[in-house]
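Encoded as structure tokens, the structure appears first; notes follow it.
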Amino acid sequence: MSIKEIPSKPESGFWVGILSIALSVIGIGLIFRDGTEQRIIALSVVIASLILGLATAVYLLQRLKKESLADITTSMAEMREEFRNYLQTVNPQGYYIFSTSIFYSTEDGIRWKYELVRSIQCKQPFMKEFMYKFKWTGATIRSIVSQTHPLEGDGLQQITHAETRDVPDILVIPFSNNLWLNDVATIHFAMELEDPQKNAIPYVRYRVEHPVKFVQFHVELKHCQDLPPAKFECSLSKGGTGMARSIEMISFDKNSRSYRHILANPEIGFTYTLTWEKNYA
């Protein structure tokens, strides 16, 4: 809240008040003189001075009210901005992540499905959309659907493609209703992908930029009878490729034909990658 500077010179309302007081004094003085005409003049002066004083008081009160409302409005705007800046400092992305589940599946190694379910809590005054960074290394994205926030058409218009393959694309899912501070919501979307030439890199990657309780990786390869254990690694590098250290090996479940791994309380600043052997036999 800003503190207004007090004017060094009296304003017009001050001089009008002085004039009103002076007229009242003159009028009262004339009342005590002899003569009916003088008393009528005196009474008129007193009434005029009272009207002038009342008008001045109303003007000053209205002006004070407007200035006070302006100050209050400005102060509230400043407080909202400070609160928003504080929330952005504490949680830059604007929400807290409880959990993230990633499902990546295929029946034949050509048509793939990438599905994400994320539970969040809004940590900004309001939130009108959800943004997700990703990079599909295969050929095309056929469609995007969401069970929690329906998209128009095939949903592809919600993607902003990067100019280079080194920069992730961005998916934006608008909310039907805004989330408000501390509201909890579940985000879901599923991408239908296609890779006829089978050029997609066999991995699922998650970069931990903010606190999260747990992350689930679930990769279904229905066209594979058996595969060697997948490698689960973490890395400090931006792209998730340098300085990697192996955490553990994840066995392939022959019954469900899938890899599954749950990561609890991952470290911020690390990129976690599940990589398996490319096998389309």
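What to note about this one:
- Residue within the range 215-237 that is farther than 24 Å from Lys198 by Cβ and at pLDDT 95 or above present: yes
- Here Phe214 qualifies as assigned to a strand (DSSP E or B), surrounded by fewer than 18 Cβ atoms within 10 Å (Cβ to Cβ) and in contact (Cβ under 8 Å) with a residue 60 or more places away in the chain.
- Here Ile102 does not fit the description of being over 21 Å from Glu194 (Cβ atoms) and either in contact (Cβ under 8 Å) with a residue 24 or more places away in the chain or not in a strand (DSSP E or B) (or both).
- Counting only residues that are within 16 Å of Val184 (Cα to Cα) and among the polar types (S, T, N, Q), the range 118-146 holds 3 of them.
- Failed condition for Met131, given (1) in contact (Cβ under 8 Å) with a residue 60 or more places away in the chain; (2) assigned to a strand (DSSP E or B); (3) under 21 Å from His210 (Cα atoms): (1)
- Just so you know, in the range 188-206 the residues that are in contact with a Ser or Thr (Cβ under 6 Å, 6 or more places away or on another chain) and assigned to a strand (DSSP E or B) include one that is surrounded by the most Cβ atoms within 10 Å (Cβ to Cβ), and it is Phe189.
- Counted residues, the range 112-133 - those being surrounded by fewer than 15 Cβ atoms within 10 Å (Cβ to Cβ) and touching a Pro at 6+ places or on another chain (Cβ under 9 Å): 3
The values are calculated or read from the model by the stated rules, or taken from the named source; none is laboratory data. Please read these numbers as outputs of a predicted model, since none were measured by experiment. So basically every Cβ, Gly included, is an ideal-geometry build from the backbone, and we count neighbours across all protein chains shown.
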